[in-house]
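Trainee: Structure provided below as structure tokens; questions to follow.
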Amino acid sequence: MLKIPDTASSINILFVEDVEDDVILLVDHLQSAGLIFDWQRVDTEQGMIATLRKSWDIIFSDFSMPYFSGIRALEIVRQHDPDVPFIFISGTIGEDIAVEAMRKGAQDYVMKQNLQRLLPAVDRELREAKQRREHRYAEQLLNKLSLVIKQAIDSVFITDPVGHIEYVNPAFEKLTGYTADEIKGLTPTIFGSGKHDAVFYQQLWKTITNGEIFTGTFINRHKNGHLFYEEKVIAPLKNKKGEITHFVSTGRDITARVHAEEAHARLVSILEATPDLVAIFEPNGYLRYLNGAGRKLLGLGIEQDVGVCDVHGLFFEGTSQQQITQALAVAHQHDVWHGEAILRVAENSGLPVSQVILAHRNTEGGVEYLSTIVRDISERKHLEAELQHQTTHDRLTGLPNRFFLIDRFTSALEYARRHGRHVAVLFLDLDNFKRVNDNLGHAAGDILLQQVAQRLKSCLRSNDTVARHGGDEFTIVVSDLDDSENVLAIMHKLQTAFERSVIIGSQEIYITFSIGIALYPHDGDQIDQLLRHADVAMYQAKSSGPNQYRFYASDMNIRGHELLALEADLRRALEHEEFLLHYQPQMELRSNRIAAVEGLIRWQHPVRGVLSPDDFVPLLENSGMIIPVGEWVLRQACKAHRMRREAGSDCVRVSVNVSAAQFNDVHLLDKIRRVLKDEQMPQQSLELEITENILMRDPVTAVEVLQAIHALGARIAIDDFGTGYSSLAYLKRFPLDVLKIDRTFVNDLARDPGDAAIVEASISLAHKLGLEVVAEGVETEEQFEFMRMHDCDLVQGYYLSQPLPSRELVKWCLTPRWVG
């Protein structure tokens, strides 16, 4: 039986034959031998070409046919497939023709009259066709592999089992500088650079001769002597018996990468050694790299991932972050930004730094990443500040010098011009300073000047300036004064500060000054003019003897002496019980009854008689005496209320004013609580009046204080409403009971529609907030009726009564009267 070499169950046979019966005979012959196949017959060239679209395992062809030549069929088949077996089966082919057919590509020929050779020929040709195809495929694959090796960018060389080079590819020639002819027969030792020891090569040889693959990095030497780095894989090739026949080495030139890594390592080493912060970050701001100095500066551990850190977070919120955002925008646009910033370092403190930001672009021109170098300039800033301080301050006393004084003076005048305020300049000259230098020496004189400077600073507010003018002269600029007379409070502080002696060694020295005072805008509106006038006034004071002061304006000298004398009397007034309380009634308009009284202080001066608050309350506030006097008023009002209760009088609510100093007094609540307890005062019978401006200085703190007062049970009235700048939002939050409309809006009700509208709106607003309304300064029937018509709750003013002493108030309340 015929053995078919292919594993398929059947084969495809093509018959090129014009006689169909001959084909039938051949088919029967093959099938009788056990061959399983599919077949097809063609007898024309067109049919042949069409049929070759299909795959055929063997082709039988007649040699001579009416319409088609067997030789032509052979040509067509060989053009289509050089390996398919082609056998002529003919009754007319001769030996010479058969030889020619074999030469042109036929595998065999069989005579139709004798088919004995057909089956062996089929068997043979099917096997040989398979071998031819496998061989051709192997050749093609080998050609491809050869082409791959020739065109590969990696170097390849092959050696025999003892290491002699048999083959190198073009990439090898380019990498080493050796041609294939130069290197053939040599060993790889020719590339030796001396950078590897014997152990390295021994390990290599042991690995590959044991049949294993060796991988490693070689430092080899080029033909021209230069070193290059090669990442190499060396593998053994084995035959069917497992014997090593060759070694194949593939290598990749990594010289550029190694040099880049070495450069990177050097750069990192430099970056890690620099004391400056160096960072690399993404365009979105997140860090890629931060050097050791940067980690230390920011308080980050060596293991901490910096990739979660945003460059914006290295700076404080607000101005610093806005600056870094602008800096990044500039770097994105212009590739570089440099400037100064405040870095947020460890412990959340600020560090002044100089900074450079660079944008690094990719080949498309986009920003791939950014880098920054940040240098600590705190020492430089400290030196600059020190130099600036030395430039603007007196070295001996540390006070501002004349140049800095002029700068502060300029700012004070500009502010005063914009806001309608007053400024005072005081020129001070130490009395008898020469005597100290002569008797105790210049060193003692310097110490004296230093101590004087410190005491002068302690007398002033933060927005005032004291400067050493030179020698034993000092200049003080007092800014932001409500009234020019307020400078006398500073004079009082100066006198008090130098009542104590200055100790120099074992010597007690009492200091006095000759002081000249000039006022803006009273005595001029230019700096040099005011300084000159203060200097003139100082010499006038000096000519009058030690410890004197003079205003440049003579009328201010008279007023100043009067106020200082009055202040001295004030300090004795409380002790001598010269203060009085008068009470002004408040009428409830719905019932026409007296519902409350306001306690108003008076001063019974032993020489000048009864003085109104306008004459002495400013002095109390400037001297600090307002706190004890205010407490006296509170206690006296509650005591008088108790006495009226005990006498059986119809007691009404009493209100007293609370000054700014009292409101800010940390002991205010304790004082109110103590007075209420001592005088057994019903809590709702006490009302505290606090001006709008006091509350709006610090609304948040004011709310807390008012809530605490309210918790004591006392009522709270907001006084002088409409004269300040209160926010309705805060007005709603204040725990108030009463709103008092200021007299300035009541005075012109009849003549000014604007005032009438303000009063009407204030009453409506207060009622909507649940507040009681009191109108102050009601002096005419017309004003009284206006308040009644617009539902004002209470009125107070001379139309009802002037402020009265307590006894007269009782009589007044008992006297029948008709109002309105």
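Trainee: Ignoring ligands, DNA and RNA, what percent of the 1.4 Å accessible area of the range 261-337 is carbon and sulfur?
Mentor: 56 percent
Trainee: Chymotrypsin sites (Phe, Trp or Tyr not before Pro), restricted to the range 392-464: which are DSSP loop and have at most 11 other Cβ atoms within 10 Å?
Mentor: Sites meeting the loop and neighbour criteria: none at all.
Trainee: Just how large is the dipole of the range 291-389 about the Cα centre, in debye to the nearest 20, putting +1 at every Lys and Arg Cβ and -1 at every Asp and Glu Cβ?
Mentor: The dipole magnitude comes to about 120 debye.
Trainee: Give me the accessible area per residue for the range 588-714, probe 1.4 Å, as a whole number in Å².
Mentor: Value returned for the range 588-714: 46 Å² of accessible area per residue.
Trainee: Now for a different question. With charges only on Cβ, +1 for K and R and -1 for D and E, what is the dipole size of the range 616-718 about its Cα centre, in debye, rounded to 20?
Mentor: Roughly 380 debye for the range 616-718.
Trainee: To continue, here is another question. Could you tell me which GluC sites (Glu not before Pro) in the range 198-269 are loop residues by DSSP with no more than 15 other beta carbons within 10 angstrom of their beta carbon?
Mentor: Filter output for the range 198-269: E212, E243.
Trainee: Can I ask one more? Only bridges with both residues in the range 14-93 count here: give the DSSP antiparallel percent, nearest 5.
Mentor: Taking every DSSP beta bridge with both residues in the range 14-93, the antiparallel ones total about 10 percent.
Trainee: Round to the nearest 0.05 the FRET efficiency obtained for K671 and T815 when R0 = 45 Å and r is the Cβ-Cβ distance.
Mentor: FRET efficiency, K671 to T815: 0.80.
Trainee: Still on this model: Could you check what % of the DSSP bridge pairs in the chain are antiparallel, to the nearest 5?
Mentor: Of those bridges, close to 70 percent are antiparallel.
Trainee: Roughly what % antiparallel, to the nearest 5, for the DSSP beta bridges in the range 46-179?
Mentor: Looking only at bridges with both residues in the range 46-179, the antiparallel portion is about 35 percent.
Trainee: Moving on to the next point. Report, in listed order, any pair from K130/K150; K206/K238; K677/K740 with a Cα-Cα distance greater than 22 Å.
Mentor: Check vs 22 Å cut-off fails for K130/K150; K677/K740.
Trainee: With a point put 7 Å past each Cα toward its Cβ, work out how far S591 is from I302 in nm, to one decimal.
Mentor: 8.5 nm
Trainee: Suppose we look only past 24 Å in the calculated P(r) of the range 216-306. What percent of the Cα-Cα pairs does that tail hold?
Mentor: Percentage above 24 Å: 52.
Trainee: Over the range 181-275, give the accessible area per residue in Å² for a 1.4 Å probe, as an integer.
Mentor: 65 Å²
Trainee: Which order do peptides 156-162, 638-644 fall in by mean Cβ count within 10 Å, highest first?
Mentor: Ranking, from highest mean packing down: 638-644, 156-162.
Trainee: Here is a follow-up. Based on the alpha-carbon gyration tensor of the range 750-806 and its eigenvalue square roots a ≥ b ≥ c, which shape applies: rounded if a/c is under 1.5, prolate if not and a/b is larger than b/c, or oblate?
Mentor: Here the range 750-806 falls in the oblate category.
Trainee: Moving on. Quick one: what does P(r) look like for the range 341-493 with 10 Å bins over all Cα pairs, in whole %?
Mentor: The calculated distribution, bin by bin, is 9, 25, 22, 18, 12, 7, 4, 1, 0.
Trainee: Then there is this: With labels modelled as points extended 7 Å from the Cα through the Cβ direction, what inter-label distance (nm, one decimal) is found for L237 paired with Q116?
Mentor: Here the answer is 4.9 nm between the modelled labels.
Trainee: May I ask you to list the lysines whose Cα is less than 18 Å away from that of K223, ignoring any residue fewer than eight positions away on the same chain?
Mentor: The qualifying lysines are K174, K184, K195.
Trainee: Averaged across orientations, what area in nm² does the convex hull of the alpha carbons in the range 106-173 project?
Mentor: 7.3 nm²
Trainee: May I ask you to work out the translational diffusion coefficient for the range 72-185 at 10 °C, viscosity 1.306 mPa s, via Stokes-Einstein with Rh from the Kirkwood sum over Cα pairs, reported in whole µm²/s?
Mentor: After rounding, the answer is 88 µm²/s.
Trainee: Along the positive direction of the dipole of the chain (beta-carbon charges: Lys, Arg +1; Asp, Glu -1; about the Cα centre), which of H29, A453, V99 reaches farthest?
Mentor: Going by the Cα projections, it comes out as A453.
Trainee: Would you mind checking the range 566-590 for residues with the amide N under 19 Å from a putative spin-label position 7 Å along Cα→C-beta of V607?
Mentor: 566-579
Trainee: How would the range 487-637 be classified by its alpha-carbon gyration tensor: rounded, prolate or oblate, with rounded meaning a/c under 1.5 and the a/b versus b/c comparison settling the rest?
Mentor: Cα axes put the range 487-637 in the prolate bin.
Trainee: For the charge dipole of the chain, defined by +1 on Lys and Arg C-beta atoms and -1 on Asp and Glu C-beta atoms about the Cα centroid, which residue among F474, C813, S659 has the Cα displaced farthest towards the positive pole?
Mentor: So the residue furthest toward the plus end is F474.
Trainee: Moving on. Could you calculate the FRET efficiency of E340 with A256 from 1/(1 + (r/R0)^6), where r is the beta carbon distance between them and R0 is 30 Å, rounded to 0.05?
Mentor: With a Förster radius of 30 Å, E is 0.15.
Trainee: With +1 assigned to the C-beta of every Lys and Arg and -1 to the C-beta of every Asp and Glu, and no other charges, what is the dipole magnitude of the range 574-635 about the Cα centre in debye, to the nearest 20?
Mentor: Approximately 320 debye in magnitude.
Trainee: For the chain, what does the helix formula give at 222 nm: sum of -39500 (n - 2.57) over DSSP H segments with n ≥ 4, over the residue count, nearest 500 deg cm²/dmol?
Mentor: Estimated from H runs of four or more residues: -13500 deg cm²/dmol.
Trainee: Largest first, how would I49, I527 line up by accessible area (1.4 Å probe)?
Mentor: I49, I527
Trainee: Give the peptides 94-101, 417-424, 739-746, 509-516 in descending order of average Cβ contacts within 10 Å, highest first.
Mentor: 739-746, 509-516, 417-424, 94-101
Trainee: Scan (i) 29.7, 95; (ii) 57.3, 171; (iii) 26.9, 83 for the value of Rg and Dmax of the Cα atoms in Å calculated from this model and give just the label.
Mentor: (ii)
Trainee: In nm, to one decimal, how far is the modelled label at D310 from the one at N486, with both set 7 Å along Cα→Cβ?
Mentor: 4.5 nm
The values are calculated or read from the model by the stated rules, or taken from the named source; none is laboratory data. Fair warning: this is a prediction, and the values are worked out from it, not measured in the lab. Methodologically, a virtual Cβ is constructed for each residue, glycine included, from the backbone with ideal geometry; neighbour enumeration extends over all protein chains shown. Calculation scope for accessible area: heavy atoms of the full protein, side chains included, ligands and nucleic acids excluded. Shrake-Rupley method; radii C 1.70, N 1.55, O 1.52, S 1.80 Å.
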